[in-house]
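Read through the structure below, which is laid out as structure tokens, and then see the notes.
The values are calculated or read from the model by the stated rules, or taken from the named source; none is laboratory data. All values derive from a computational prediction rather than experimental measurement. Here the Cβ is made from the backbone with ideal geometry for all residues, glycine too, and neighbour counts use every protein chain on show. Just so you know, the surface numbers come from the protein's heavy atoms only, side chains and all, with ligands and any DNA or RNA stripped out. Shrake-Rupley method; radii C 1.70, N 1.55, O 1.52, S 1.80 Å.
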Amino acid sequence: MFLSIFGSVEQGIIYAIMALGVYLTFRVLDFPDLTVDGSFVTGAATAAMMIVLGYHPIIATLIAIVAGFIAGCMTGLLHTKGKINALLAGILMQIALYSINLRIMGFSAENVIVKPNIQLQSNETIFSQFQGFWSPLGIDTALSNFVKSLGASAAPGTWGTVLIVLIITVIIKLLADWFLKTEVGLAIRATGDNKRMIRSFSANTDRYTILGLGISNALVAFSGSLIAQYSKFSDVNMGIGMIVIGLASVIIGEAIFGTKTIFRATLAVVFGAIIYRIIYALALRVPWLDSSDMKLITAIIVVLALVIPQLVSKQRDKKRKEKRRLERLREQRELVTQGGNDLA
Amino acid sequence: MLKLEGINKIFNEGTMDEKVALNNINLHLAPGDFVTVIGSNGAGKSTMLNMISGALTPDFGAITIDGKEVTKLPEFKRSQYIGRVFQDPMAGTAPTMTIEENLAIAYSRNKKRGLRFGVNRERKDFFRTSLEKLSLNLENRLNAKVGLLSGGERQALSLLMATFTQPSILLLDEHTAALDPSRAELITNLTKQLVEENNLTTLMVTHNMQQAIDLGNRLIMMDKGQIILEIDEAKKPTLTIPDLMTEFEHIRGEKMSSDKALLGS
Ligand SMILES: Nc1ncnc2c1ncn2[C@@H]1O[C@H](COP(=O)(O)OP(=O)(O)OP(=O)(O)O)[C@@H](O)[C@H]1O
Ligand SMILES: [Mg+2]
């Protein structure tokens, strides 16, 4: 139990970077970008391919981020310059990326053009490299003994992975907070809020839409490249439903932690992603559920997360109105008694 | 400062709905001119302002701002020189962003946007002193989301945002029309104050004839896509509403009083 939750938290922290990308498009830019399913795999495929070819994992990850950025910009170009509807532009790009991702993975082996997956079992990854620095410190044993003394049946093999992904995600979150407060960031937010207004303040909304989509998909690809290295595996189908997972994370986080400030909102997204992974792990432990049911469960989570807040606010409204009605009634009654007293 | 030469615009050309919105408009504003624009619904007032701002491009004709021809310049490039306030109080601000963030966006109008913080201490001070001029106590609510402000407060903020970077041209399209009379008066006074303070070249559309007469140094009347009457600086101070009505009858040979909208409140 503890181990599977621990694994979920690790993964959730990595997926949080993807969710931050989704937050950037869906919430900040108000652009329902479906490129995500494709660009997540692009990140994974690019990083895996380059690692297999012998590049340093950090270089491979950086190139994966650039690839995601380009994919996002393409969706932006389709929408702004090609005047294609936002949803359709994303779907087109997603479909195009499916083929492109197969080709990218094809580069990793000789004599093949396309390849549906890449194994990284024996390759160096960002995580194995960090492990090389982390293990000799001996902190793992200390922490594991501590956890066991608290009553956990088993302790994770290493705490290094959760530490490194936590560091990465916190940095990305803080960078996002900073970026959204810069002049460019403000312009991107206004582009999602009121295009006409920001255009009247000499901002090229097309350019900011493209830039926003680029950055969003760069984050998504970054997340994909880390997941590939974490699970030592890249597969052309690993991105299916990713957009819904991202959205679920954003919505869950917002519902629990609120969106008062940018800092709060991005924090909510990160926690939302982690909570989603924990729900996922718990659902998998239900005996009659199959892991393939997870997409259905994700869809249900998103639907609930969208519908429940509406019901809650409606209920609250009703209560408030009823309270006002009673107050009004009491006032009137008081007025009547007062009037009667005056007359008497 | 602003020159419109032979501006024509036809909507839906060649279809059943063809509409000549602007028919050979010529207009010249000297620096510091404050021109009020009146005319019945559909006269082409908003279309003319949209031509100047670049939201629409003319079929032919030329627009010059500050000696630069801008006819083909896209809206976002032109808005560097142009401040605008829309009729809809929702249109001029970003509702989910705070007052100071909205001001920061307006502040970057004529600068290149970079990776600096939009709001820093120095700018905050500037925003605060600018907001004080509105006397709406907004200077103490810098971190409030603009969506929470009333229509009048939003319009006052829009006006400040449009003017405090000293644009070459200020365009106001019925910017008090959506407000109740007392708020409208507040915004009218603010308009006067801000235009005078910054000595802005201004074009203001209004349906309120009294407002058109009270404000500005020149007045034009539009009808059916044309400028049918121009009152210059010498004649404007003595202008009255009956004067305008007789002029209209004289030019068009029909009574203007039938058009309630033009009379305004
Ligand atoms: N985008 C458009 N497509 C088609 N016709 C348009 C368009 N914009 C304006 N028109 C038409 O052009 C004419 C001039 O419109 P405009 O909005 O400039 O009038 P206005 O003087 O601002 O009127 P109002 O006082 O009602 O605001 C109207 O007949 C209008 O229907
Ligand atoms: Mg109009």
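Below are the figures for this structure:
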item: Shielding by partners, peptide B:89-96 (average Cβ within 10 angstrom, other chains); result: 5
item: Sequence of A:Lys323, B:Lys124 when ordered by accessible area, the most exposed leading, probe 1.4 angstrom; result: A:Lys323, B:Lys124
item: Top positive-direction residue, dipole computed over the protein assembly as shown with Cβ charges, set B:Leu157, A:Thr266, B:Gly39; result: A:Thr266
item: Accessible area in the full protein assembly, largest first, 1.4 Å probe, for B:Asp17, A:Asp193; result: B:Asp17, A:Asp193
item: Student exercise, the protein assembly as shown dipole from Lys, Arg, Asp, Glu Cβ charges, in Debye to nearest 20; result: 1300
item: Dipole of the range A:2-285, positive end: most advanced residue of A:Ala228, A:Val66, A:Thr46 [Cβ charges, Cα centre]; result: A:Val66
item: Packing rank of B:167-179, A:113-125, where each peptide gets the mean count of other beta carbons within 10 Å, highest leading; result: B:167-179, A:113-125
item: Total charge dipole magnitude, chain B, about the Cα centre, Cβ charges on Lys, Arg, Asp, Glu only, Debye to nearest 20; result: 1100
item: Cα radius of gyration and Dmax for the range B:64-195 (Å); result: 14.7, 43
item: Most to least accessible of A:Trp178, A:Trp134, A:Trp288 (protein chains only, probe 1.4 Å); result: A:Trp288, A:Trp178, A:Trp134
item: Alpha-carbon radius of gyration plus Dmax, which is the widest Cα pair, for the range B:1-118 in Å; result: 16.5, 52
item: Range of Cα positions in the range A:229-269 per principal axis (Å), largest first; result: 38, 19, 13
item: Cα pair distances exceeding 23 angstrom across the range A:2-285, given as percent; result: 54
item: As computed over the range A:105-197, the Cα convex hull volume per residue (Å³); result: 235
item: Principal-axis tilt of helix A:36-52 within chain A, Cα atoms, nearest 10 degrees; result: 30
item: Average beta carbon contacts from partner chains per residue of A:185-196, 10 Å cutoff; result: 6
item: Over 32 Å [Cα-Cα, chain B], rounded percent; result: 24
item: Shielding by partners - mean other protein chain Cβ count within 10 Å, residues of B:107-120; result: 5
item: Paramagnetic reach from B:Ala144 (point 7 Å along Cα→Cβ, amide N under 17 Å) across the range B:58-97; result: B:89-90, B:93-97
item: Angle between chain A longest axis and helix A:205-231 axis [Cα atoms, degrees, rounded to 10]; result: 60
item: Chain A: angle of helix A:160-179 to the longest principal axis, Cα-based, in degrees nearest 10; result: 50
item: All-pairs Cα distance distribution in the range A:1-140, expressed in whole percent, bin size 10 Å; result: 11, 33, 32, 19, 5, 1
item: Antiparallel DSSP beta bridges within chain B, as percent of all bridges there, nearest 5; result: 55
item: For the range A:170-227, alpha-carbon Rg and Dmax in angstrom; result: 12.8, 42
item: Positive-end residue, the range A:116-218 charge dipole about Cα centroid, Cβ charges, pick of A:Gly160, A:Thr205, A:Val184; result: A:Thr205
item: Computed over the protein assembly as shown, Kirkwood Rh from alpha-carbon pairs, angstrom; result: 28.2
item: Amide N of the range B:1-43 lying under 19 Å from the label point, which is placed 7 angstrom from the Cα of B:Glu233 along Cα→Cβ; result: B:1-4, B:27-37
item: Size of the range B:82-157 as Cα extents on the principal axes (Å, biggest first); result: 31, 25, 21
item: Over chain A: helical MRE at 222 nm, DSSP H runs n ≥ 4 each giving -39500 (n - 2.57), nearest 500; result: -25500 deg cm²/dmol
item: Separation of alpha-carbon centers, the range A:198-268 and the range A:303-324, rounded to whole Å; result: 29
item: Cα→Cβ-extended label distance, 7 Å offset, between A:Ile278 and A:Ile95, nm; result: 4.0
item: Whole-angstrom gap from the range B:113-192 to the range A:42-97, using each part's C-alpha centre; result: 41
